[in-house]
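Asker: One structure coming up, written as structure tokens, with questions to follow.
The values are calculated or read from the model by the stated rules, or taken from the named source; none is laboratory data. Only a predicted model underlies this, so the values are computations on that prediction, with no experimental measurement involved. When we count neighbours, we look across all protein chains shown, and the Cβ atoms used for this are built from the backbone with ideal geometry, even at glycine. Keep in mind that these areas ignore ligands, DNA and RNA; they rest on the heavy atoms of the full protein, side chains included. Shrake-Rupley method; radii C 1.70, N 1.55, O 1.52, S 1.80 Å.
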Amino acid sequence: ARTAVHVRLSLPELREVLAASEALAATAEGAGLRPAAPLRPALHQLCKAWLDALHARSMQQLNSLLDREKWAAVSVPPDVQAIIDDLAARMPPDAITSPPSKRGGVSGKTAAADAANGVNGVGDSSQGGTKLRIGHEEFCMVSVVLDVLRLAAAYLRFQAEVPAFSGEVARRVVELLQVFNSRTCALVLGAGAMQSAKLRSITAKHLALSAQAVGAIIAAHPLLRAALAAPVPHARRALTSPDFDRLLQDLTVYRSEVHSKLVGIMRDRLNQSLQQLPAAADGWAAAPPPPPGAPLPPASKFADGNARQLQILSNVLIPLLGPTELASVFGRVAQVFSMALADAFQNLHPQGQAWRAQATADITALLAALSALPQGGTAARAAALSPLSSLLAPGAP
């Protein structure tokens, strides 16, 4: 019965109980009295019960928040940015091993190093912002991630009061983040949010924001890991290390699956469009032959439609994803389009000069649309577009 009362204590109240109990135990033991001996195990049980209650509440709150999440971008309040800045300030110097990276990168150590070097702009935390800053990276946020970071901070406050429970705290934070990742996967990739949050569909924007949400946890992973492991004796850190490694792997896999889903959406739209190409191409020969030196005709509806789809996806993703993620997604999209379009055009049967002029106009327009995508450096872009651009080479069929 007393345990039920104690777990409802606030953390400051728990701190007072622990301080008073420790003072009593120290006084009794200093006087050589033994009745205080059972007190320390009782305090241990009290702290364990309090942590168990905190974890139960946190898990319940997380699941409720995920059920209501609309996967829409929100601003970052100052208190959440301050959590990240505080974690960065705790990073030990020997953890800073990586050079700065571009926003959206995969390296958690890089983000941690940048943050610990003051890149987060700790002095500006009171201002909040539209994105969460973790080192050189910035992330668009959804509501649930803000609360996940607040929940993690609550565990760290308990850990600061009861360092002996650091290992247990770390295990529970990892479990919380694992649940966040697995349920995010079910709600977004599995489309569960259409039922839980009454979304009409899972759009590319929802996918991108979920990737940003998980990406923020990936970037914060080394900060949380260092803060949670700091009070744990070195001999016991190996016990929690595999859990953190699995968590990072699962988070990274989910983000990769989101990228593949975005590429798959564009592949499906292209395949649907390609079904119309043979019939459309049959009409190109009806145009009068162009005179020598005449400019190319305007792109056909087929080419314009595909260019428009690429532009729509660009408009959605560029404000949300970082350069590395954009290059990964659009590099793959460009490669898929280039190879599929090259095969489709090569399978058509040329029907005269007017037909060839229209095919050249379409290939040129499609290459321009693909080249405009943010897909990394010049060499990567040239390699991705090589199948389609080769059709414009002299002597190409």
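Asker: Remind me, what semi-axes does the range 310-397 give for its equivalent ellipsoid, largest first in whole Å, using sqrt of 5 times each Cα gyration tensor eigenvalue?
Answerer: 27, 13, 10
Asker: Moving on. Would you give the gap between the C-alpha center of the range 166-184 and the C-alpha center of the range 262-322, rounded to a whole Å?
Answerer: With the range 166-184 and the range 262-322 each reduced to a Cα centre, they are spaced 46 Å.
Asker: So, one more: Roughly speaking, what % of Cα-Cα pairs in the range 146-206 are separated by over 17 Å, rounded to a whole number?
Answerer: Of the Cα pairs, 53 percent sit more than 17 Å apart.
Asker: Under a crude label model (7 Å from the Cα following the beta-carbon direction), how far is ALA380 from ARG269 in nanometres?
Answerer: Once both label points are built, they end up 2.1 nm from each other.
Asker: In whole Å and largest first, what semi-axes does the C-alpha gyration tensor of the range 43-89 yield when each eigenvalue is scaled by 5 and square-rooted?
Answerer: Calculated on Cα positions only, the semi-axes equal 27, 20, 6 Å.
Asker: What does the convex hull of the Cα atoms come to per residue for the range 241-382, in Å³? Each step should come with its number before you reach the end.
Answerer: Values: hull volume 17.6 nm³, N = 142.
Measuring per residue, one finds 124 Å³ for the Cα hull of the range 241-382.
Asker: To the nearest µm²/s, what D does Stokes-Einstein give for the range 252-296 at 4 °C and 1.567 mPa s, using the Kirkwood radius over alpha carbon pairs as Rh?
Answerer: Numbers: Rh = 13.9 Å.
So the translational diffusion coefficient is about 93 µm²/s.
Asker: To the nearest whole percent, what portion of all C-alpha pairs in the range 339-382 is separated by more than 14 angstrom? Provide the component values of the computation, followed by the final result.
Answerer: On the way: 557 of 946 pairs.
Taking all Cα-Cα pairs of the range 339-382, the fraction more than 14 Å apart is 59 percent.
Asker: Okay, moving on. Extent of the range 178-292 along each principal axis, from alpha carbon coordinates, in Å, largest to smallest?
Answerer: Extents along the principal axes, in whole Å: 82, 40, 16.
Asker: Could the peptides 246-255, 207-216, 265-274 be put in order, highest first, of the mean number of other beta-carbon atoms found within 10 Å of their residues?
Answerer: Details: 246-255: 17.9, 207-216: 27.0, 265-274: 15.7.
So the order, starting with the most tightly packed, is 207-216, 246-255, 265-274.
Asker: Computed from the mean reciprocal separation of all distinct C-alpha pairs, what Kirkwood hydrodynamic radius does the range 285-333 have, in Å?
Answerer: It works out to 13.6 Å.
Asker: For ILE83, ILE217, give the ranking by accessible area with the largest first, probe 1.4 Å.
Answerer: Ranked from most to least accessible, the order is ILE83, ILE217.
Asker: Report the convex hull volume per residue for the range 204-262, counting only C-alpha atoms, in Å³.
Answerer: 55
Asker: By what distance, in whole Å, do the Cα atoms of the range 133-242 stretch along each of the three principal axes, largest value first?
Answerer: So the three principal-axis extents are 49, 30, 24 Å.
Asker: Can you give the FRET efficiency for GLU175 and GLN353, using 1/(1 + (r/R0)^6), R0 = 56 Å, r = Cβ-Cβ distance, to the nearest 0.05?
Answerer: On the way: r = 68 Å, r/R0 = 1.22.
With R0 = 56 Å, the Cβ-Cβ based efficiency is 0.25.
Asker: Give me the number: length gained by fully extending LYS48 to ALA393, i.e. 0.36 nm times residue separation minus the C-alpha to C-alpha distance, one decimal in nm. Show your work: numbers first, answer last.
Answerer: On the way: separation 345, 0.36 × 345 = 124.20 nm, distance 7.18 nm.
Net length gain for the segment: 117.0 nm.
Asker: What is the Cα coordinate range of the range 319-358 on the first, second and third principal axes, sorted by size from largest, in whole angstrom?
Answerer: Between the extreme Cα coordinates on each principal axis of the range 319-358 lie 46, 17, 10 Å.
Asker: Label-point separation (nm) for ALA197 and ALA238, each offset 7 Å from Cα along Cα-to-Cβ?
Answerer: Result: 4.2 nm between the two label points.
Asker: Estimate the FRET efficiency between VAL253 and ASN315 by the formula 1/(1 + (r/R0)^6), using the beta-carbon distance for r and 30 Å for R0, to the nearest 0.05. Write down the numbers at each step before the final one.
Answerer: On the way: r = 28 Å, r/R0 = 0.92.
Calculated transfer efficiency: 0.60.
Asker: Ordering ASP304, ASP282 by accessible area with a probe of 1.4 Å, largest first, what comes out?
Answerer: Output order, biggest surface exposure first: ASP282, ASP304.
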